[in-house]
Amino acid sequence: MAKIHQNNVRSLILERNDGPTSAADGHHHFRLWTAFSGAAFRRKIFDAVSCGGSSRYGREILDDEGISLPTPKAKTEMESRGVDSEKGNGRKPEKQKEAKGCVSKSEKLLDLLNLAEGEAASEIKKKEEALEELKIVVKDLQSESEEQRREAASKVRSLAKENSETRVTLAMLGAIPPLAGMLDFQLADSQISSLYALLNLGIGNDLNKAAIVKAGAVHKMLKLIESPVAPNPSVSEAIVANFLGLSALDSNKPIIGSSGAVPFLVKTLKNSDKKVSPQAKQDALRALYNLSIFPSNISFILETDLIPFLLEMLGDMELSERILSILSNLVSTPEGRKAISRVPDAFPILVDVLNWTDSPGCQEKASYVLMVMAHKSYGDRQAMIEAGIASALLELTLLGSTLAQKRASRILECLRVDKGKQVSGTYGGNLVAAAAVSAPICGSSSSTSTNPNGVAKECLEEEEDMMSEEKKAVKQLVQQSLQNNMKRIVKRANLPQDFVPSEHFKSLTTSSTSKSLPF
């Protein structure tokens, strides 16, 4: 028999039977025996895993032979009585060290558990203290002292700046209504503190944004703006920032747009006074973009002179993409398209954007505005042709982004249909006029009376010759125009002089029909 000794469990006996039957079968049979009951076996397993148990609960420690060891507490009492506990039990030095090691490991595990419990308790305590602090702050917001409320608003501003959980907790505790009420105070410091506290409470929290508007903050802000006394520039900037944050929520867009905030935002954007910071202008432009997304707000925007100002500002690279985004929203309505087309030089400015900008976003948005207007109005298409849009669109189909290329192709298709109608109309008019004028003089009167079919044939041949000459002239002009445009495109794109155009472009320049015209 062989013995197995592991983790203080020694009483497992592995017996091997090498009888004649097993040998004959070629198999070896093993039996697992226990030298004690199931309860004792489980006890030994528990003691082996827990390394003797924990001294905290005064558990009994058993040695390998099942002999009871005194607990640390009992050991201390025995030593106080002058009894050598180790010697009294007849312990061997090796077993004494093993027992001490088990007790040490159990105590370390206990220390770790106590540490984890202590950290959890510490975290709970910190959260309770933070909650009590927020309750005190909200209570101060409802104080009758303006100074105390201003200090509390400053605390809300700092606490809610970077902590989303704090924003939720403050709103649940009722911080928003008293902050909105502080906008009625006369002191600019109180107004600024409450405005920035509301701004920080609304960061990334739609429920708080809706609650701020519901508390009447928007109308109180406009009341500050429309007061006979000009508001403090810092107050105006804080109001613009709040309009930007609140207008990001879709349900707030119609409320802010109909409240009268649009003229204030346009005035801030157009203000050339150095007292208005560039950040405030950026915020005003972004707020106007948010409001322009909602269709009912477009009428409020069109009541101002925002569109001419936006078209004039398209040369500013920092603002161009945002401006084009607003124009993209405005062209979604017939009123918006009419307002844009009425602005002098609107189409030359938009076409010029396609020429000078290398920003894919600007090209895509400008081409979208032109595409919608070209699709909806024949007069706008003619104005685009006069502004020289053909070459810009050809360049865009070759060098623009995928979306810009698709939109440029759509515009070219609209312009190509108009060109085809003009050419066919011109040829049809010439045919009718030629038939009416030349019929009496094609041949003599005698020949007409004797052979009318021959006269008609001669007239048709002359007309075909005339049309073929016109077609040749048109084709030659088209090819020259496309070749010139190609040279400009290659030059602007800094391509090598031996650049070979694509087969698609070659097909445009070699087609013999008027339907292939790109403009």
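Summary table below
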{"item": "Within the stretch 123-215: Cβ-based charge dipole about Cα centre, in debye rounded to nearest 20 (Lys, Arg +1; Asp, Glu -1)", "result": "260"}
{"item": "The stretch 123-215: relative contact order as a whole-number percent, Cα under 8 Å and 6+ apart", "result": "28"}
{"item": "Most to least packed among 147-153, 294-300 [average Cβ atoms within 10 Å]", "result": "147-153, 294-300"}
{"item": "Pairs from LYS281/LYS365; LYS223/LYS270; LYS127/LYS161; LYS275/LYS338; LYS267/LYS365; LYS220/LYS274 whose Cα-Cα separation, in the structure shown, is over 23 Å", "result": "LYS275/LYS338; LYS267/LYS365; LYS220/LYS274"}
{"item": "Cα-based Kirkwood hydrodynamic radius, the stretch 123-215, one decimal, Å", "result": "13.0"}
{"item": "13 Å beta-carbon shell around SER328, net charge (K/R +1, D/E -1)", "result": "+2"}
{"item": "Ranked packing of 125-137, 218-230, most packed first, by mean Cβ within 10 Å", "result": "218-230, 125-137"}
{"item": "For the stretch 123-215, accessible area per residue (1.4 Å probe, heavy atoms of protein chains only), Å²", "result": "57"}
{"item": "Apportionment of accessible area to carbon and sulfur, the stretch 123-215, percent (1.4 Å)", "result": "50"}
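The values are calculated or read from the model by the stated rules, or taken from the named source; none is laboratory data. Fair warning: this is a prediction, and the values are worked out from it, not measured in the lab. Heads up, the Cβs are rebuilt from the backbone with ideal geometry, glycines too, and the neighbour counts pull from every protein chain shown. In case anyone asks, the SASA skips ligands and DNA or RNA and just uses the protein heavy atoms, side chains included. Shrake-Rupley method; radii C 1.70, N 1.55, O 1.52, S 1.80 Å.
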